[in-house]
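Engineer: One structure follows; several queries about it will come next.
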Protein chains: 4
Amino acid sequence: MKNINVEKINQELDIFINDRDWDQFHSIKNLSMALSVETSELVEIFQWMKEEDSNQVANNEKLTQKVKEELADIFIYLLRISKKSNINLETAVLEKIKKNSEKYPVDKSKGNSKKYNDL
Amino acid sequence: MKNINVEKINQELDIFINDRDWDQFHSIKNLSMALSVETSELVEIFQWMKEEDSNQVANNEKLTQKVKEELADIFIYLLRISKKSNINLETAVLEKIKKNSEKYPVDKSKGNSKKYNDL
Amino acid sequence: MKNINVEKINQELDIFINDRDWDQFHSIKNLSMALSVETSELVEIFQWMKEEDSNQVANNEKLTQKVKEELADIFIYLLRISKKSNINLETAVLEKIKKNSEKYPVDKSKGNSKKYNDL
Amino acid sequence: MKNINVEKINQELDIFINDRDWDQFHSIKNLSMALSVETSELVEIFQWMKEEDSNQVANNEKLTQKVKEELADIFIYLLRISKKSNINLETAVLEKIKKNSEKYPVDKSKGNSKKYNDL
């Protein structure tokens, strides 16, 4: 996956939503709730699984299919919120990585999972 | 936002994570937890807000900045899980929109927010 | 509801779990995930609902039944984590209300939903 | 912990909320969001932790204190939603354990973490 064609996805999403007249439900508040619900459906797949087993998704076709559908749902709501908030996800991520690099200096955080305010 | 250059983002993320030796913490199970935590940080922004106010993100610079950072964190973990699961997000979303179109036929779901199993 | 008989609930839960040999899955980490999944099932009920409609749970028998089941699942995992962490929920809540009273002084927080670090 | 004195907790919560005039923000929809946010603060504690380490909460005073505060916040919102929905948590849990006993028959679910619809 080198590029994601967001324009195409958004076109298909707009058609899907307009056909069903669902935009009336899509306040950003509601979309944030829906995003959290979809994220929990991903968490549910792994809740009783050992960490090492969770790493076998790519080697298990049935599991891949389940994870794929949940990632899709999450990404759909993420794109929807981005569009409504007029936020460019690529820029947002590149800026955040830079910010995190400062919050988590290599010498203090190497091999260490502590939160920045506990460093 | 027409395209997201995932290759570039993944390169920067890999550098950030390798520099800190953090891949040891990134089982897919743990990444799903982290994704849900970041999603809740987005929800927290809107939890006491009226729906109509949540729709003003794009008109409020301070709010845009907060939402932008949370969307970035969510997207970072989403990309990370996709990569480790060998799942192409674009394909996943396009397939899911098609599947949802069948689960939610226009005549039954128009203007109606019911879940497919309640239709 | 004046008192909750936690001893009785815990006895029934222990029997349920032992009969199924499920304690092996119940690390506190996994229980926290399960708790978040159940919480999202509650959120899902309200995600597309207007705030004023969400306040009608007690007047809608079908909705009461759905909410009741989700609250039960949430409370089950909350009790399970409390027991395994040796934490007394009553004491914990009374201490937290006291702490919150200091974090949110009446004169600064009255009629205001801001987080303490934004006051 | 044999009993939880809910009456006392609710009295203190009512005072806390009335003093701050916060009931205006507490639609059941919003309370479900707040509950999910607090649950994620619990998840955050364990997101990078090994399962066996998460089981050491009771042996680690600092960790106990953190978990205690999050469980308190979760229980506060759970009680608040119960009260507004006119739902008795004790009854709800006892009914749910009975229902789960039927959904997960011992012979099919013993030592098995599968969801009931996959049994």
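Engineer: With heavy atoms of protein chains only and a 1.4 Å probe, what residues of the range C:37-53 have at least 50 Å² less accessible area in the full set of chains than alone?
Structural biologist: Buried-area filter returns C:Val37, C:Thr39, C:Ser40, C:Val43, C:Glu44, C:Phe46, C:Gln47, C:Trp48, C:Glu51.
Engineer: In square angstrom, what is the accessible area per residue of chain D with a 1.4 angstrom probe?
Structural biologist: Numbers: 5460 Å² over 119 residues.
The answer is 46 Å² per residue.
Engineer: Compute the Cα gyration tensor for the range C:24-119, then decide on rounded, prolate or oblate, letting a ≥ b ≥ c be the square roots of its eigenvalues: rounded whenever a/c is under 1.5, prolate when a/b is larger than b/c in the other cases, and oblate in all that remain.
Structural biologist: Values: a/c = 2.13, a/b = 1.08, b/c = 1.96.
Because a/c hits 1.5 or more and a/b fails to exceed b/c, the range C:24-119 counts as oblate.
Engineer: Moving on. Tell me: how much accessible area in total is hidden between A and B, 1.4 Å probe, Å², nearest 100?
Structural biologist: On the way: alone 10000 and 10020 Å², together 12830 Å².
Its buried surface, counting both partners, is about 7200 Å².
Engineer: State whether the protein assembly as shown is rounded, prolate or oblate according to the following rule on the C-alpha gyration tensor (a ≥ b ≥ c being the square roots of its eigenvalues): a/c under 1.5 gives rounded; otherwise a/b larger than b/c gives prolate, and the remaining case gives oblate. Can you show the working numbers first?
Structural biologist: Numbers: a/c = 1.29, a/b = 1.26, b/c = 1.03.
Rounded is the answer for the protein assembly as shown, as its axis ratio a/c remains below 1.5.
Engineer: Still on this structure: Run the quick spin-label model on A:Asn112 and C:Ile15: label points 7 Å from Cα toward the beta carbon, then report their separation in nm to one decimal.
Structural biologist: 5.0 nm
Engineer: Quick one: which of A:Lys62/D:Lys115; B:Lys114/C:Lys66; B:Lys96/C:Lys62 span more than 20 angstrom between C-alpha atoms?
Structural biologist: Distance filter (> 20 Å) returns B:Lys96/C:Lys62.
Engineer: To continue, here is another question. Please sort through the DSSP H helices of chain D and keep those with an alpha-carbon extent of at least 24 Å along the long axis and a Kyte-Doolittle average not below -1.0.
Structural biologist: Span-like helices, by this rule, are D:28-46, D:61-85.
Engineer: Then there is this: Could you please state how large a percent of the accessible area of chain B is carbon and sulfur, counting protein chains only and using a 1.4 Å probe? Each step should come with its number before you reach the end.
Structural biologist: On the way: 2260 of 5440 Å².
Answer for chain B: carbon and sulfur cover 42 percent of the accessible area.
Engineer: Run the simple label-point estimate for C:Leu119 and D:Leu94 please: 7 Å along Cα→C-beta, distance reported in nm.
Structural biologist: The answer from the label model is 4.0 nm.
Engineer: Another question, if that's okay. Run the numbers on the range D:61-103: which residues show a drop of 50 Å² or more in accessible area, chain on its own versus all protein chains together, using a 1.4 Å probe over heavy atoms?
Structural biologist: Relative to the lone chain, where solvent access is computed with a 1.4 Å probe, the range D:61-103 loses at least 50 Å² at D:Lys68, D:Glu69, D:Leu71, D:Phe75, D:Leu78, D:Ile87, D:Leu89, D:Glu90, D:Val93, D:Leu94, D:Lys96, D:Ile97.
Engineer: Let me ask something additional. Tell me the distances, shortest first, between B:Tyr116 and the same position across the other copies, using label points 7 Å along Cα→Cβ, in nm to one decimal.
Structural biologist: Shortest to longest, the spacings are 2.1, 4.0, 4.4 nm.
Engineer: Nearest-to-axis residue of chain C, judged by Cβ, for the C-to-A rotation, with distance in whole Å?
Structural biologist: Nearest to the symmetry axis by Cβ: C:Ser40, 2.
The values are calculated or read from the model by the stated rules, or taken from the named source; none is laboratory data. Fair warning: this is a prediction, and the values are worked out from it, not measured in the lab. All Cβ positions, glycine included, derive from the backbone under ideal geometry; neighbour counts span all protein chains shown. Note: areas computed on protein heavy atoms with side chains; ligands, DNA, RNA excluded. Shrake-Rupley method; radii C 1.70, N 1.55, O 1.52, S 1.80 Å.
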